[in-house]
1. Considering Val110, Val184, which residue is in contact with a Ser or Thr (Cβ under 7 Å, 6 or more places away or on another chain) and closer than 24 Å to Tyr87 by Cα?
2. Mind telling me which of the residues Ala167, Ala178, Ala163 ends up being open to solvent by less than 40 Å² (accessible area, probe 1.4 Å) and without any contact (Cβ under 8 Å) to a residue 24 or more places away in the chain?
3. Name every residue in the range 181-196 that is outside any helix (DSSP H, G or I) and surrounded by 15 or more Cβ atoms within 10 Å (Cβ to Cβ), in order of residue number.
4. From the set of residues in the range 124-134 that are in contact with a helix residue (DSSP H, G or I) (Cβ under 6 Å, 6 or more places away or on another chain) and in a loop (DSSP other than H, G, I, E, B), which is most open to solvent (accessible area, probe 1.4 Å)?
5. Between a first residue in the range 135-151 that is under 16 Å from Ala125 (Cα atoms) and part of a loop (DSSP other than H, G, I, E, B) and a second residue that is open to solvent by less than 70 Å² (accessible area, probe 1.4 Å) and aliphatic (A, V, I, L, M), which pairs have beta carbons less than 6 Å apart while being 6 or more apart in sequence or on different chains?
6. Going by what's in this entry, would Lys67 be described as of a type outside the set (A, V, I, L, M), out of contact with any helix residue (DSSP H, G or I) (no Cβ under 7 Å at 6 or more places or on another chain) and modelled with pLDDT of 95 or more?
7. Considering only residues that are among the polar types (S, T, N, Q) and either out of contact with any His (no Cβ under 8 Å at 6 or more places or on another chain) or under 19 Å from Cys130 (Cβ atoms) (or both), which ones fall in the range 144-173?
Amino acid sequence: MPKRKKQRLREKLKPVFHIFCEGEKTEPNYLGSYIERKLPGTKLVVVEKTRKNTPVQLVEEATKAQKKAPAGDAFWVVYDREAPRKYPDALHASARHKAEGKVSIALSNVCFEVWLLLHFQSTSAPYDSCDDLLSRSALTTTHIQGYDKADRRQYSDEEIASARSNAERMNQQTMNSADPRWNVPHKWNPYTNVYELLDAIDEFGAEHC
């Protein structure tokens with residue numbers, strides 16, 4: 001195909017919103033359900049299949065895809081802080097450095113389940129690990145009894161709106177009480193900016209879908 005024809009074809013293509021998730025079930029299922037409800041039938045917002053499961057690996061995969069993609073495509077990675085013994089600070093710092101100016105990050109500290117918890121209540125409680133959150137919070141005992149990471153539960157607009165406002169309040173409280181030297185999200189516990197990813201999906205859908 002002649003070069004000029006390829007260029008015209010690319011110009012006609014709509015941009016795509018790519019999401020790379022650390023988890024195999026929880027994050028893809030939540031985001032997939034959100035996309036299906038907000039933008040039914042769209043093929044422009046894609047939760048990509050990946051076997052990568054560390055912050056650095058995900059960012060590297062996303063940036064590699066970004067280099068090959070048409071201008072205008074959006075790239076996000078979604079991963080958890082996890083316990084420092086699993087993902088040390090240096091790994092998170094490396095991932096954020098590699099992502100800067102190329103892909104956006106949705107980080108939950110200590111795990112994605114803190115975002116789910118915020119759909120039902122406000123909280124400022126830090127947790128050491130996902131198991132700690134599941135055992136000590138009301139997520140599985142009160143809000144989602146029988147919680148399963150493979151769940152494809154649909155959250156209502158009201159629940160998501162509550163999660164957004166609860167997350168913003170929680171993040172501010174965490175940052176206000178944190179050591180001033182801790183100026184990156186993986187240092188803040190609890191923290192999540194998943195709502196920024198949802199906002200980006202909404203904005204992308206309004207413009208392109």
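1. Val110
2. Working: Ala167 fails: without any contact (Cβ under 8 Å) to a residue 24 or more places away in the chain; Ala163 fails: without any contact (Cβ under 8 Å) to a residue 24 or more places away in the chain.
Step by step, each of Ala167, Ala178, Ala163 is checked, and only Ala178 is open to solvent by less than 40 Å² (accessible area, probe 1.4 Å) and without any contact (Cβ under 8 Å) to a residue 24 or more places away in the chain.
3. Across the range 181-196, the qualifying residues are Trp188, Asn189, Pro190, Tyr191, Thr192, Asn193.
4. Ser124
5. Pairs found: Ser137/Leu117.
6. Working: of a type outside the set (A, V, I, L, M): yes; out of contact with any helix residue (DSSP H, G or I) (no Cβ under 7 Å at 6 or more places or on another chain): yes; modelled with pLDDT of 95 or more: yes.
Yes; evaluated as a whole, the condition is true for this residue.
7. Of everything in the range 144-173, those that are among the polar types (S, T, N, Q) and either out of contact with any His (no Cβ under 8 Å at 6 or more places or on another chain) or under 19 Å from Cys130 (Cβ atoms) (or both) turn out to be Gln145, Gln154, Ser156, Ser165, Asn166, Asn171, Gln172, Gln173.
The values are calculated or read from the model by the stated rules, or taken from the named source; none is laboratory data. This is a predicted model, so every value here is computed, not measured. Neighbour counts are summed over all protein chains in view; Cβ atoms, including those assigned to glycine, are modelled from backbone coordinates with ideal geometry. Surface areas here come from the heavy atoms of the whole protein model, side chains and all, with no ligands, DNA or RNA. Shrake-Rupley method; radii C 1.70, N 1.55, O 1.52, S 1.80 Å.
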